[in-house]
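The structure under discussion appears below in the form of structure tokens.
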There are 2 protein chains.
Amino acid sequence: MSPTSTQVARRDAILAAAVAVFGAAGFADAGVDEIARRAGVAKPTVYNHFGDKRGLLLESIRWATARAQQRVMGALSGLDPSAADLRAELERVSRALIECLLSDEGTAVMRLQVSEQHHLAELDSLRLGARQATVEALAGRLAIIAAHGRLRLPDPVLAARHLMALTSDEPLAESGFGARRLQPDEVVGPVRDGVDTFLAAFGVD
Amino acid sequence: MSPTSTQVARRDAILAAAVAVFGAAGFADAGVDEIARRAGVAKPTVYNHFGDKRGLLLESIRWATARAQQRVMGALSGLDPSAADLRAELERVSRALIECLLSDEGTAVMRLQVSEQHHLAELDSLRLGARQATVEALAGRLAIIAAHGRLRLPDPVLAARHLMALTSDEPLAESGFGARRLQPDEVVGPVRDGVDTFLAAFGVD
DNA sequence: CGGTGATTGAACTCATGAGTTCAGTATTGT
DNA sequence: ACAATACTGAACTCATGAGTTCAATCACCG
């Protein structure tokens, strides 16, 4: 019996609600009743789809991680290696990346993976895999820029990690890993500074 | 009535046990019974000292943050601005800082502050204050090195933030914010790379 | 249509753990 | 020595929320 479209829609609604509630309250304080209510679904339906609360948490994180990863890849593919103003282009893409990290879904995933690891050792590889995929995608774009002679990169993967660290560390800390919404200029400044240092280390001027 | 020394010792034992249990299990999954048992104390004694579970959490985080901060300051004061090998000295101190972050107490504080923010908005300033104090202490040491003409630092505070970001980002992510114990070489390599990039940006060679 | 399986809503069971009570026992300051 | 105060241990209350049950209803597929 292949699932009907309304079944898929219900499943997605449950997952979206679960990510929101788990992300806001944490696993233990989240109520299955509230997730069902937000999804517009009866409680037994949740148990029908996901077995139990822990199964729902696992699927929620897998689902949200995949979605976040897609958004990240979209942001990275927007990096134009031949943009006239390299500095501005790096700042733009770094801001887009941070936007993904600090979105509601992004912060929910981050916080759950940090705080609920005792529930989900099996998702460690997912977390690290997502990080590595992001780093490598960014490294690929940076390598193209380096091939154009506009960056000096002995190790593109390392440079990618360092660009992300330089630009995202401060906004992440300042926002309390997504607990507080940042003002735009709380991202713009740190990103500019981070790209400054990145170009001081890897630029060709 | 000033507290006796055994009262202080009991209080500290409770706080140490609470940090360990809260850090491992999270607020909701931590049991006051277990904290009391680990502290070698009866449950009503815990309630005598801290009122309720939330009060215990708050005091635990304040206490552990202060202790971690002291260790961090100790590590920073060990930075010798006139060390013969600047690169090695920066690596050494960065490793010591990461050691503090990834210690049992350090990771407990970090994870609680990330995951239990809905319980403790009032501790936001504590978290940011600790971070800022660390950054400024490191900035002070870096400024001395710059005054010796061994670094080119337009903004020592910014440089301090970037040094910390470059060296600690990868080990923190790799360890899942303290969930997994790192092998020594999982710290050494990333720190060397981070200091490399730092010196490429701010070195005087 | 008619039947099969999913969904609903409401009531239910049951385990867990926070917080309390209290009578008895250590500790401490005077 | 003697209050006064803190601590113990064990039993207790009580709120909460996971997971279940079931009869009634709905959605889809032949």
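The values are calculated or read from the model by the stated rules, or taken from the named source; none is laboratory data. Owing to the predicted nature of the structure, the values given are computational and were not obtained by experimental measurement. Here Cβ is always computed from backbone atoms with ideal geometry, including for glycine, and neighbour counts include all displayed protein chains.
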The lone condition B:Thr134 fails out of (1) assigned to a loop (DSSP other than H, G, I, E, B); (2) in contact (Cβ under 8 Å) with a residue 24 or more places away in the chain is (1)
Output for the range A:162-178, where each listed residue is in a loop (DSSP other than H, G, I, E, B), in contact (Cβ under 8 Å) with a residue 24 or more places away in the chain and at the interface with chain B (Cβ under 7 Å from one of its Cβ atoms): A:Phe177
Checking B:Ser94 against (1) without any contact (Cβ under 8 Å) to a residue 40 or more places away in the chain; (2) closer than 20 Å to A:Ala173 by Cα; (3) surrounded by 17 or more Cβ atoms within 10 Å (Cβ to Cβ), which single condition isn't satisfied? (1)
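Scan the helices (runs of 4 or more DSSP H) fully inside the range A:1-116 and keep the ones with 3 or more residues being within 12 Å of DNA strand C (Cβ to nearest atom). Spell out how you get there, then give the answer.
Details: elements: A:5-25, A:32-39, A:43-50, A:53-77, A:86-102, A:104-115.
Hits in the range A:1-116: A:5-25, A:32-39, A:43-50.
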Say we look at the range B:1-35 and pick out the residues that are more than 14 Å from chain A (Cβ to nearest Cβ) and β-branched (Val, Ile, Thr); which of these is farthest from DNA strand D (Cβ to nearest atom)? B:Val19
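Considering only residues that are assigned to a loop (DSSP other than H, G, I, E, B) and more than 15 Å from B:Ala201 (Cα to Cα), look in the range A:179-205 and name the one that is farthest from the other protein chains (Cβ to nearest Cβ). Can you show your working first?
Of all residues in the range A:179-205, those assigned to a loop (DSSP other than H, G, I, E, B) come to A:179-184, A:204-205.
Pick out the ones that are also more than 15 Å from B:Ala201 (Cα to Cα) and you get A:179-184.
Values: A:Ala179: 4, A:Arg180: 7, A:Arg181: 13, A:Leu182: 13, A:Gln183: 15, A:Pro184: 19 Å.
Here the answer is A:Pro184.
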Taking A:Arg131 as meeting all but one of (1) among the basic types (Lys, Arg); (2) surrounded by 18 or more Cβ atoms within 10 Å (Cβ to Cβ); (3) within 10 Å of another protein chain (Cβ to nearest Cβ), write down the number of the exception. (2)
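Across the range B:51-65, which residue is surrounded by the most Cβ atoms within 10 Å (Cβ to Cβ) among those that are within 18 Å of B:Glu105 (Cβ to Cβ) and within 16 Å of DNA strand D (Cβ to nearest atom)?
Restricting attention to the range B:51-65, the residues satisfying the condition of being within 18 Å of B:Glu105 (Cβ to Cβ) are B:56-65.
Next, from what is left, pick out any that are within 16 Å of DNA strand D (Cβ to nearest atom): B:56, B:59.
On the way: B:Leu56: 23, B:Glu59: 18.
Going through the qualifying residues, I end up with B:Leu56.
Quick check, is B:Ser125 at pLDDT below 95, surrounded by fewer than 21 Cβ atoms within 10 Å (Cβ to Cβ) and within 17 Å of the chain's Cα centre (by Cα)?
Values: at pLDDT below 95: yes; surrounded by fewer than 21 Cβ atoms within 10 Å (Cβ to Cβ): yes; within 17 Å of the chain's Cα centre (by Cα): yes.
It is true that B:Ser125 is at pLDDT below 95, surrounded by fewer than 21 Cβ atoms within 10 Å (Cβ to Cβ) and within 17 Å of the chain's Cα centre (by Cα).
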